[in-house]
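S.K.: Structure in structure tokens, see below.
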Amino acid sequence: MTVDSDAGPLRVLSAPQRTGQQDIGTVTVAGPLSGGRAGANNALARIAVAGFVGLVLGGLVLLVAVHRALRPVRALATAARSVDLADLQSRVPEPPRLDEVGLMAREFNRMLERISRDQQRRRQLLSAVSHELRTPLAVAGGHLELFETLGPPDGTSPADTAAVVRRELDHVGRIVDDLTAVSRGDLGGATAREPVFAPDMLTTLRHRLDGLGIGDVQFARAPSVVLLGDEDRLAQALLNLVVNARTYTPIGTPVHVRAHSGGGRVIFQVIDEGRGIDPTVLASVFEPFVTTRPAGASRATGLGLTVVKAVTEAQGGQVDLVTGPGGTAVSLSFPIDTAD
């Protein structure tokens, strides 16, 4: 217990003393509390100071750790603010650690890459649409220009010229449908299957080449057979092959259009005598936007052969390409219609 005294509070402890079953006395010990209280107060003060210093140091360490941990997040935010649809080359530094912040940075970079690829394909598609629409518009414009300057050619009437222009303008709409179907991978549903007389298809091709002002194309006689397909789209496929041959070969290079039948099929061929296709792109030459011309080169979108392959296969045909130093031959083969 604690008692007061002239010297200050004392702590008193008493313990009885026994011998056998008899109490013989009590031992009492008293000591001042001032020294113990001073030590306790001293210890509490030291603990408080140590706790305060630890709290301050811990807070600083936590602040530095959070600052460093959020550095990639700030870089991510900066990159996000700097992203421009006209230039998607910005990337976020990827920390080597495999935590949530590192995962977020890597996923953000992958997202930018996907957006960049989609943007590139969108630009290529717009260029391809321009390329594909240019041909029928040029055919229609060529016939109108001839009609305006020279009048109807011998053996034709104004109605014949108007019919050519109308057909080509209708063809513009079909090209848009074809490009949309190619992008969906569903060109087969957009094509008609009707009897087509093989010589008529080459005649249609010849008229379109005349409208484009493309000469020096040597035609062979087509066999008198009938196939099932869409004459307009098949002629467009052959036109694409002739335009490609003219685009990718030197001026004056001979181009041949041939047709023959055998084995129950009719085969149309477009052959040039150029230098052949670059072997580095040969394996992917029918894929969209593959071209040997540099970006921005005239009439070089890399979609022509893609449309040729899609149109041909949608008609139940097959495409075969042979190339080498002596030139390139593309063959389109279709089953002959044996129905009466």
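S.K.: Being under 30 Å from Val12 (Cβ atoms), touching a Pro at 6+ places or on another chain (Cβ under 6 Å), modelled with pLDDT under 85 and not hydroxyl-bearing (Ser, Thr, Tyr), is that true of even one residue in the range 74-82? Please lay out each step first, then the result.
M.R.: Of the residues in the range 74-82, the ones under 30 Å from Val12 (Cβ atoms) are none.
Looking through the range 74-82, none of the residues is under 30 Å from Val12 (Cβ atoms), touching a Pro at 6+ places or on another chain (Cβ under 6 Å), modelled with pLDDT under 85 and not hydroxyl-bearing (Ser, Thr, Tyr).
S.K.: Filter the range 211-248 for residues that are over 38 Å from the mean Cα position of the chain (by Cα) and among the polar types (S, T, N, Q) and give the result.
M.R.: Gln218, Ser224
S.K.: Out of the range 196-225, which residues are touching a helix residue (DSSP H, G or I) at 6+ places or on another chain (Cβ under 7 Å) and farther than 18 Å from Ala140 by Cβ?
M.R.: Val196, Asp200, Met201, Val217, Phe219, Ala222, Pro223, Ser224, Val225
S.K.: Which one is modelled with the lowest pLDDT among residues in the range 314-340 that are exposed (fewer than 15 other Cβ atoms within 10 Å of the Cβ) and out of contact with any strand residue (DSSP E or B) (no Cβ under 7 Å at 6 or more places or on another chain)?
M.R.: Among residues in the range 314-340 that are exposed (fewer than 15 other Cβ atoms within 10 Å of the Cβ) and out of contact with any strand residue (DSSP E or B) (no Cβ under 7 Å at 6 or more places or on another chain), the one modelled with the lowest pLDDT is Asp340.
S.K.: Look through Asp170, Asp186 and report the one residue that is at pLDDT below 75 and not in a helix (DSSP H, G or I). First the steps, then the outcome.
M.R.: Details: Asp170 fails: not in a helix (DSSP H, G or I).
Of Asp170, Asp186, the one residue that is at pLDDT below 75 and not in a helix (DSSP H, G or I) is Asp186.
The values are calculated or read from the model by the stated rules, or taken from the named source; none is laboratory data. Because the structure is a prediction, the values reported are computed rather than measured. Glycine also receives a Cβ, built like all others from the backbone with ideal geometry; neighbour counts cover every protein chain displayed.
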